[in-house]
Protein chains: 2
Amino acid sequence: MFEVTFLGTAAAVPTVERGLPALLVDFARHRFLVDCGEGTQRQILRSGLGLRRLDKVLLTHGHLDHLLGLGGLAGTLGLLRASPRLSIFAGPHALRLAAILLEQVVWPGARPPIRLDFVPVEPGCFYESGQLRVHAFPVRHAAPDSYGFLFERRASRPVLEERMEAMGVPLGPERSRLAGGHPVLLADGRRVVPDDVLGPERPGCRVAVVGDAESVDDLIEPVRGADLLIIEGTFLDADAQAARERSHLTIGDAARLAREAGVGRLWLNHLSPRYSAQAIADAAAAAFPGARVASDFDRVTVPD
Amino acid sequence: MFEVTFLGTAAAVPTVERGLPALLVDFARHRFLVDCGEGTQRQILRSGLGLRRLDKVLLTHGHLDHLLGLGGLAGTLGLLRASPRLSIFAGPHALRLAAILLEQVVWPGARPPIRLDFVPVEPGCFYESGQLRVHAFPVRHAAPDSYGFLFERRASRPVLEERMEAMGVPLGPERSRLAGGHPVLLADGRRVVPDDVLGPERPGCRVAVVGDAESVDDLIEPVRGADLLIIEGTFLDADAQAARERSHLTIGDAARLAREAGVGRLWLNHLSPRYSAQAIADAAAAAFPGARVASDFDRVTVPD
């Protein structure tokens, strides 16, 4: 199960109601912070989720409203020793800015009290643990090296423990191999195959997060069939000219992407105070009925 | 009249209730932001005061909780063209960090859309305009080049316009010279002296703002007789050991400073979630009855 918590849903400049871009993606014991606008550490406190377990930050791109909060967040993690390390995953441009912020402003000339890993991402899978994979895909935007992220729980077959017992498979590596889909030879010479001890396949599920983007054509394949798509909804189609000039989609573009890619649910964030949430929702619903407009601290669950 | 608006009253790490250190000092058309912790731009919006007229930032010292918000604030001022320039006044250490943040993270390799002035302060008056003077005085703290700031409206004599009229002083430089305390010779040969056209002296008034500090002995003279003293209240005296280790005063120290320096009012900020506001107020009141504990968005007026 994925759980997404919107921490900041404003675009460019915060408002009284909306913080700057940041959201959490939780999967089992894994927690990913996607983008980290100024004020994110406080939004995390306000969300009630707290700072523990926060050791992975993914930056969609290097614009300030998506990364300046990394300074305060990392400083606080170091102060509270909330996490022994912090890994920052991003394209080279955003990663370079994050490194200047952390190494020259937050801890200038000093050894950071937590280990910092700056991990450049390229298109493809960059994080894998158990059934979880996280993929990066390129996004076109005014900031170089912009990426979207696809969080995937892979399709899998549940382990039927009672069948393992009945077949006499001992606890240990044999069970792991069978769970991974491989046959094993037991000590007594019997061969056990996955079909003996695994249930029917459970389909995977996927959450796609796109930050700022100027076009959708190249996003259809990366987000195709995702259970949940989160993408910017900065401009109404009536302001398409302003959107193009600022390297942004329109809300209509986002909704048409969701429809064409056949995603399950669409949530819009990165919102401008120009428009009411209702106007944004209506605009999106025209192409994608049921589209939702995120508010800070909204939580969305994608069940297995 | 001075008006002080507390924007963030937490220490080191924000809480749900308290933002990181920042406060505004308004005097006539002058607006000074003292310190700029992460999230200050949003606190300004929440205060209802808005970003216009914000062109002067004073940093007490270079610790992160006092300056990281400068990145987002300057970025937004540049984006909105809310102000044609931003002057940052601070000791060399804080100024260097502010410059890295603004020049290498906010606008790397680009000409900032607003003019940035980095103004190093030294002990003494560093800003003067009309009746207003702002002085810096050294403060001992773990951060190098820490300063407190004294905002002073100088003593002055009000201009009695009806006397100017009656004496036949023409509009223009003659009136300015008289208002400034100098005699003038009129075109008809009459000599007019200040006592002819000025009322009785109105005493000046002063607001002292001290950030983090580890000792008070050297602060008594700089803040002596201030109408309002704002100073950190991070630790109770019971935790004096922790306070010393972290280069901080105790609340008792702050209250005794206020008493010994004969200040009019004492407000404490830079508060730890360890203690309730009531416990902090009680601790301060023991040495300085009437001491107040700031909350975010509290406003304090110092009348002329």
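Quick test of your reading of the structure: B:Asn269 fulfils all but one of (1) free of Cβ contacts under 8 Å to residues at least 60 places away in the same chain; (2) within 20 Å of B:Gly37 (Cβ to Cβ); (3) crowded, with 23+ Cβ neighbours inside 10 Å. Name the failing condition by number.
Among (1) free of Cβ contacts under 8 Å to residues at least 60 places away in the same chain; (2) within 20 Å of B:Gly37 (Cβ to Cβ); (3) crowded, with 23+ Cβ neighbours inside 10 Å, B:Asn269 violates only (1).
Select from region B:200-223 the residues that are assigned to a loop (DSSP other than H, G, I, E, B) and under 20 Å from B:Phe27 (Cβ atoms) and write down the one among them that is modelled with the highest pLDDT.
Step one: list which residues in region B:200-223 are assigned to a loop (DSSP other than H, G, I, E, B), which gives B:200-201, B:203-204, B:210-216.
Next, only the ones that are under 20 Å from B:Phe27 (Cβ atoms) stay: B:201, B:203-204, B:210-211.
Values: B:Glu201: 89, B:Pro203: 89, B:Gly204: 93, B:Val210: 98, B:Gly211: 95.
Ranking the qualifying residues of region B:200-223, first place goes to B:Val210.
Out of all the residues in region B:143-170, which are closer than 14 Å to B:Val210 by Cα and hydrophobic (A, V, I, L, M, F, W, C)?
Residues of region B:143-170 that are closer than 14 Å to B:Val210 by Cα, as a first pass: B:143, B:145-151.
Correct list: B:Ala143, B:Phe149, B:Leu150, B:Phe151.
I'm trying to understand the selection: among the residues of region B:136-175, which are open to solvent by 40 Å² or more (accessible area, probe 1.4 Å), under 28 Å from B:Leu64 (Cα atoms) and touching a helix residue (DSSP H, G or I) at 6+ places or on another chain (Cβ under 8 Å)?
B:Pro138, B:Arg140, B:Pro144, B:Asp145
Among all residue pairs at least 6 apart or on different chains, which show Cβ distances below 9 Å where the first residue, located in region B:276-291, is without any contact (Cβ under 8 Å) to a residue 24 or more places away in the chain and the second is of a type outside the set (Lys, Arg) and exposed (fewer than 15 other Cβ atoms within 10 Å of the Cβ)?
B:Ala277/B:Ser295
The values are calculated or read from the model by the stated rules, or taken from the named source; none is laboratory data. Predicted, not measured: the structure shown is a model, and the values here were computed from it. Glycine also receives a Cβ, built like all others from the backbone with ideal geometry; neighbour counts cover every protein chain displayed. Please note that ligands, DNA and RNA were not included when accessible areas were found on the heavy atoms of the full protein model with its side chains. Shrake-Rupley method; radii C 1.70, N 1.55, O 1.52, S 1.80 Å.
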